[in-house]
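What follows is a single structure, written as structure tokens, with notes after it.
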Amino acid sequence: MNLAELALRHARESADTVAIRMGTECLTYAELASESKRVADGLADLGVLHGDRVMMFSENCLEYLVVYLATARLGAVFSPVHASFQVNELSFVLANATPRALIAQGSLWSRLDRCDPALVPSVRIDIDGRRGDLVTYAELGRNSSSDISVATVSDDDPILICYTSGTTDRPHPVARSHAHEIWNARTYADVWDYRPGDIGLVTLPLSWLWGLSSLSQALLSVGATIVLHAEFDAFQVLDEIERSQISLFTGTMSMFTALSSAINTTSHDLSSLRRVYRGGEPINNEVVRNLEARLGLRLTDAYATTEVAPVLAVDPNRDTEAPPFTAGRLVPGAQVRLVDDNGVDVAVGEVGEAWLGGRGLMLGYWNEPELTKDRMTADGWFRSGDLLVESKDGFYFVVGRSSDVIIRNGAKIAPAEVESALAGISGVLDAAAVGVPDDEFGESIVAFLVLAPDCVVSVDDVYDHLSDRIARFKLPSNIYFVDTLPVRRNEKRDRASIRRHALEAVAQGSASFGSTTIVRETGRARLRIVD
């Protein structure tokens, strides 16, 4: 089955239902089908064939989902690229995907113009229509000689190359098939209870699997309505929920931390929300508790990676007694092993690295056989690098990344545990904890805290709060108060950047997130006061 059929069938069954809305623009399911047909015909006129790559370099927009469906209709491969990619990253993805066609927003062409011309395909399409030297999106297929029907594909035919947002030296090109994406969308729609009348707000980037497939394609698969934002902004999200009667919203822990802060300073009617979903990062228990109390809803969790999706989920109907803060149980068709450093399965209740498999396992890394071999075991398991623990009743909990774990005097400490304890301090909006080298203990813990406006919290206050909440060896050695914490392009916490700042702060005696800094000593801890 072709992925495009998930949405196209609703053009026949509920043609006038709004499929996608962004600002004042919208497309019904009938219009989505018509537009994707027009774009597919236009791409075919320009020489795009079955198996060719179509690269999209754009912020979230209506055209994004139209082009994805058009690419699927052709049996071509969609290669979305995050709008913040710079010249070196663009050069890599262009060389990796070797696209036949490139579709980009006008404001982003200046970066593409700085890439090696040999890497940029001759078929170039401008979404905004402001580049007179390029084919415009609006012109595609207007007087086409093509008449493209939905291509027949095999289950293993690639449909998607997603470039992961990790902290490695360059993006990883994850190749996924029509069967992967159909199963991904249908599984999330089932276990997360998407319904035809739902209105789902999508603020996550469509360049990532989560925003594109697990949210958008899953919503389209049931005939629901997508309300699309170009990016996440906590206050705009609250406004949109009230204005558009949003019933479904999904975000990362960093996004919910910002929402938890915003919701305390404004007044909105959020009663239309039926489900709120969370994933992508270890849970900050205190933030979740506070937000659930304000919304009167449980934040329903899941766990997946771009390479293997989906894996775990809390089903809001079947898992009403799920323990707090769990990432869920295995979804049907997914597989997971939790192993120690030697690849031996750990006992139930013990922390292990998650090795993933099952129906959502990627085809591999596109044109990267050595990387695929490095991240996959000989018997076909993907080494995720994520640390999980399974309870005796089959629920899993995400502890963190193996690369993020702090090892202090031989003991392993999950940053999320320290961060949850810090977030419980009155006036603390957000917190991050990372490990830095320590001659005495191997690693020491550095914590960064974001305070509410006009809130005063001392280092002594922090230690008083933590003393009866976490073990002494888990206490931060250095504490800095900062005005913000960095996040990556996928709205997840940028721990690599935070760790670099921690190293600089310990070496120089102060943190440098951009504001004026005053430092005073309190024991081994240093307090950074933001003017």
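The values are calculated or read from the model by the stated rules, or taken from the named source; none is laboratory data. Model, not experiment: these values are computed from the prediction. Here the Cβ is made from the backbone with ideal geometry for all residues, glycine too, and neighbour counts use every protein chain on show. Protein only, heavy atoms only, side chains kept; ligands, DNA and RNA dropped before computing areas. Shrake-Rupley method; radii C 1.70, N 1.55, O 1.52, S 1.80 Å.
Numbers for the structure displayed
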item: Cα-projected label distance for residue 454 with residue 130, points at 7 Å along beta-carbon direction, nm; result: 4.1
item: J(HN,Hα) series, the range 373-388, from Karplus relation 6.51 cos²θ - 1.76 cosθ + 1.60, nearest Hz, glycine and proline x; result: 5, 5, 8, 10, 7, 4, 9, x, 9, 8, 7, 7, x, 8, 9, 10
item: Accessible surface of the range 128-189, 1.4 Å probe, proportion on carbon and sulfur as whole %; result: 40
item: Loop GluC sites (Glu not before Pro), the range 409-502 (other Cβ atoms within 10 Å of the site Cβ: 13 or fewer; DSSP); result: 440
item: Stokes-Einstein D for the range 202-320, Kirkwood Rh over Cα pairs, 37 °C, 0.692 mPa s (µm²/s); result: 223
item: Tail fraction, Cα-Cα pairs, the range 383-455, threshold 22 Å, whole percent; result: 36
item: In Hz, Karplus ³J(HN,Hα) per residue of the range 8-17 (6.51, -1.76, 1.60; θ = phi - 60°; x = Gly, Pro); result: 5, 5, 6, 5, 8, 9, 8, 4, 8, 5
item: Added length on full extension, which subtracts the Cα-Cα distance from 0.36 nm per residue, residue 30 to residue 317; result: 100.2 nm
item: Contact order relative to length of the range 299-404, as percent, for alpha carbon pairs under 8 angstrom and 6 or more apart; result: 26
item: Residues of the range 347-420: accessible area per residue with a 1.4 Å probe, Å²; result: 47
item: Ranked packing of 138-144, 394-400, 500-506, most packed first, by mean Cβ within 10 Å; result: 394-400, 500-506, 138-144
item: For the range 135-148, Karplus couplings with θ = phi - 60° (6.51, -1.76, 1.60), whole Hz, Gly/Pro x; result: 5, 9, 4, 5, 7, 4, x, 5, 10, 6, 8, 8, 9, 7
item: Estimated dipole of the range 340-431 in Debye, rounded to 20 [Cβ of Lys and Arg +1, of Asp and Glu -1, Cα centre]; result: 60
item: Average projection area in nm² (convex hull over Cα atoms of the range 85-239, one quarter of hull surface); result: 12.1
item: Near-label residues of the range 373-388 by backbone N, under 14 Å of a point 7 Å along Cα→Cβ of residue 350; result: 388
item: Solvent-accessible surface (1.4 angstrom probe) belonging to residue 172, in square angstrom, nearest 10; result: 20
item: Protection-proxy order for peptides 463-471, 420-428, each taking the mean of Cβ atoms within 10 Å per residue, highest first; result: 420-428, 463-471
item: GluC sites (Glu not before Pro) lying in DSSP loop within the range 258-332, provided at most 12 other Cβ fall within 10 Å; result: 321
item: Amide H contacts of residue 125 (H built 1.01 Å from N, under 5 Å, at least 5 apart or other chain); result: 102, 103, 104
item: Cβ charges +1 (Lys, Arg) and -1 (Asp, Glu), total dipole of the chain, debye; result: 220
item: Amide H within-cut-off set for residue 300, under 5 Å, with H built and near neighbours excluded; result: 276, 277, 278
item: Fraction of alpha-carbon pairs over 12 Å apart in the range 8-63 - percent; result: 71
item: Over the chain, relative contact order from alpha-carbon pairs under 8 Å, at least 6 apart, %; result: 10
item: Normalised contact order of the range 153-249, rounded percent, pairs of Cα under 8 Å and 6 or more residues apart; result: 25
